[in-house]
1. Which condition from (1) at pLDDT 95 or above; (2) more than 29 Å from Thr231 (Cβ to Cβ); (3) small (Gly, Ala, Ser) is the one that Gly144 breaks?
2. How many residues are assigned to a strand (DSSP E or B) and among the hydroxyl-bearing types (Ser, Thr, Tyr) when one looks only at the range 453-474?
3. Hey, can you tell me all the residues within the range 257-276 that are within 21 Å of Phe384 (Cα to Cα) and either of a type outside the set (Val, Ile, Thr) or open to solvent by 40 Å² or more (accessible area, probe 1.4 Å) (or both)?
4. Inside the range 190-205, can you point out the residues that are open to solvent by 30 Å² or more (accessible area, probe 1.4 Å) and part of a loop (DSSP other than H, G, I, E, B)?
5. Assuming Gln638 fulfils every condition listed in (1) modelled with pLDDT of 85 or more; (2) more than 38 Å from the chain's Cα centre (by Cα) apart from one, which condition is it?
6. Does Tyr202 fit the bill of being in contact with a helix residue (DSSP H, G or I) (Cβ under 7 Å, 6 or more places away or on another chain) and under 18 Å from Phe504 (Cβ atoms)?
7. If we keep just the residues of the range 477-494 that are touching a Leu at 6+ places or on another chain (Cβ under 8 Å) and open to solvent by less than 10 Å² (accessible area, probe 1.4 Å), which is nearest to Lys529 (Cα to Cα)?
8. Pull up the range 495-529, narrow it to residues that are without any contact (Cβ under 8 Å) to a residue 60 or more places away in the chain and assigned to a helix (DSSP H, G or I), then point me to the one that is least open to solvent (accessible area, probe 1.4 Å).
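The values are calculated or read from the model by the stated rules, or taken from the named source; none is laboratory data. Quick caveat, the model's predicted, so the values are computed rather than measured. Note that each Cβ is placed from the backbone with ideal geometry, even for glycine, and that neighbours are counted across all protein chains shown. Remember, those area values only see protein heavy atoms, side chains included, never the ligands or the DNA or RNA. Shrake-Rupley method; radii C 1.70, N 1.55, O 1.52, S 1.80 Å.
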Amino acid sequence: MKRKYLKNLIAGTIGAIMMSSSLPVVYAEDSTATAPEGKIIYSSDFEDGDVSLFSKRNDSDTTVVSASTDNAVSGTKSLCASGRTKTWNGPALKLDDICEPGTAYLVSAKVMGQYYTSNTMSLQYTDASGQEHYENLANLNGNGWQEVNDIKISYSADVSNVMIYFEGGTDNIYIDDFVLKEAPKYSIQEDIPSLKDVYSDYFKIGGVATVKELAPQSTKDLILKHCNSFTAGNEMKPDALLDQNACIAMAQAGDDTNPQVTLDQARSLLDFARDNNIPMRGHVLVWHQQTPTWFFKENYDANADWVSKEKMLQRLENYIKNVFETLEKEYPEIDFYAYDVVNECWLDDGSQRKAGSQEEGSQNSPWVKVFGDNMAFIKPAFEFAKKYAPEGTKLYYNDFNEYMPQKTDAIIKMVEEINSDGHYIDGIGMQSHLDVRSGSDAFPSVNVYKKALDKFCETGLDVQITELDATVNSNSLFKEQAQYYSDIMDAIVAQKDHISSVTFWGTTDDMSWRASGYPLLFNEDYTAKEAYYAIIDGIESTGTTTTTTKATETTTTTTTTTASGTDTTTTTTKPAGDVKYGDANEDGDVTLADAVLIMQSIANPNEEKFRLSEQGTKNADCVGNGDGVTVKDALGIQMVCVNLIEVTDLPVDEIPD
């Protein structure tokens, strides 16, 4: 059974082909290679001696910015930042006056240290509450000139004092050939199916973005088209919600147990969800990471003593209470249908984290440091969340590497113990940061993942896939990635009665926290990857396929398990010698993947990875047989996929009416 959305896909493709003599590119490996060059905002090799756009970062920065003849990449001059007495001192380029919020920009530069380059290019901005934020964009290490090329930056309208700066060490920093330009502007593909519509009968489809990622309009458009659930990437984690200055002021007034919170860092994300009526997953209240150490110290002073268990329990209740009350007060229109209350408390071997601050080790937990063991704070956290969360908000325990057997068992044992005297935990969040690797060595394997998924579903609690992405070793492995995504989604769909949402952790590959592994469904230019097409090309779980070949015909019997039961279909393909019409990728089947490959081969004729083999070319020439491979062949295959024609009808002379 093929699903109704394939008819929408073919309609969109037909429209695109009929309106244009050129083929829409379904996927391009390097989308920026052929993109129009963005407008240059600022470019200088400093040969004119003008360094006036750069300055020190603030009044306490001792940096002196000048043009220098000491070093240069080409010509005789470069920018020199001297007089630096702190590692954070350095030359900065303020963006507010020359750039626009909501627009993506690319930064390139050549950088050298006085003796050895050990510098960082970073971004700084101030949020609506006046708090400063810093993000490292590129590390520059090595002898001589180091280079950064087209580092993408963007910012939202509710921030200020935005600057690019260079820091590290206290020696001179030299900069040459600096270029700031607009990034190529792309639009999303409107003529492909919406993921939220594809899975409308199954579960919500979620998207995630940080403030930076959401700034361009195309990112907003992508989320609005494909998602009916939204998660803040970083801006609703504890370090973003907790307001240290307000906490200290409260403590000085005599109350050291009432942590103050602010939504200022998340405001543009919350505004987006509110204005577009998108339900949200809250992420996250209690976590060992991205929770500042001062939160656990007397008077909220990072250098003070750790608070007692009793005081921290009071802080925990008031913190959770204040988060929910602030959300209700400032954003009552947003439906927080789910909230991660506690995150990542178990190690892969099923043991709890070590006691200590994050500064002392990444596996440490300040929560364990104060409370001594997991259950002493996890259960109260859920009790408080159940007490203060809005009616209808489901509460989740969320973890990564959740498919490791000992961790799986530890999570299940925990939720069952906490719920033994009441219903506090509504569901389990499976983060699902997966690794396709090169395909056959995927970790976890689909079977391992499915085993954990099934065990979580057997608890009777709701399950949500909360942070799904799947990396590959290189961008030549997108076919393997597509197959893996398809198999993982098959496992998830098989448990649809126990799963309420699937969230992909990010929007486009280049903006992912795992960008080097190309983990998502969309390219940098917002075009859909093979993985996207793989997860919409039917969701049947196929059982056993038996093929018997005769001299005159091929008969294929397929047993398919669907939501409504088991179907058996038999397809007989008419003889065609050594040609299987429609099977462009030579995998033995005629599917949407063959149409995608044909379109890729036409759109990227010089790319070896998209080139059809001699046999694949024969197979692909299935419409107007003998006139070569054209877009009509891809269209014919898509019509087979949606049962408008039968595979046994191929080859055909023309596209049927």
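1. Against the list (1) at pLDDT 95 or above; (2) more than 29 Å from Thr231 (Cβ to Cβ); (3) small (Gly, Ala, Ser), Gly144 comes up short only on (1).
2. Here the count works out to 2.
3. Taking the range 257-276 as the starting set, the residues that turn out to be within 21 Å of Phe384 (Cα to Cα) are 257-263.
Passing the criteria: Asn258, Pro259, Gln260, Leu263.
4. Within the range 190-205, Glu190, Asp191, Ser200, Asp201, Tyr202 qualify.
5. Going through (1) modelled with pLDDT of 85 or more; (2) more than 38 Å from the chain's Cα centre (by Cα) one by one, Gln638 breaks only (2).
6. Working: in contact with a helix residue (DSSP H, G or I) (Cβ under 7 Å, 6 or more places away or on another chain): yes; under 18 Å from Phe504 (Cβ atoms): yes.
Spelling it out, Tyr202 is indeed in contact with a helix residue (DSSP H, G or I) (Cβ under 7 Å, 6 or more places away or on another chain) and under 18 Å from Phe504 (Cβ atoms).
7. To start, the set of residues in the range 477-494 that are touching a Leu at 6+ places or on another chain (Cβ under 8 Å) comprises 484-485, 488, 491-492.
If we keep only those that are open to solvent by less than 10 Å² (accessible area, probe 1.4 Å) as well, we get 485, 488, 491-492.
Details: Tyr485: 11, Ile488: 16, Ala491: 21, Ile492: 20 Å.
Among those residues, the one meeting the criterion is Tyr485.
8. Once the filter is applied, the top-ranked residue is Asp509.
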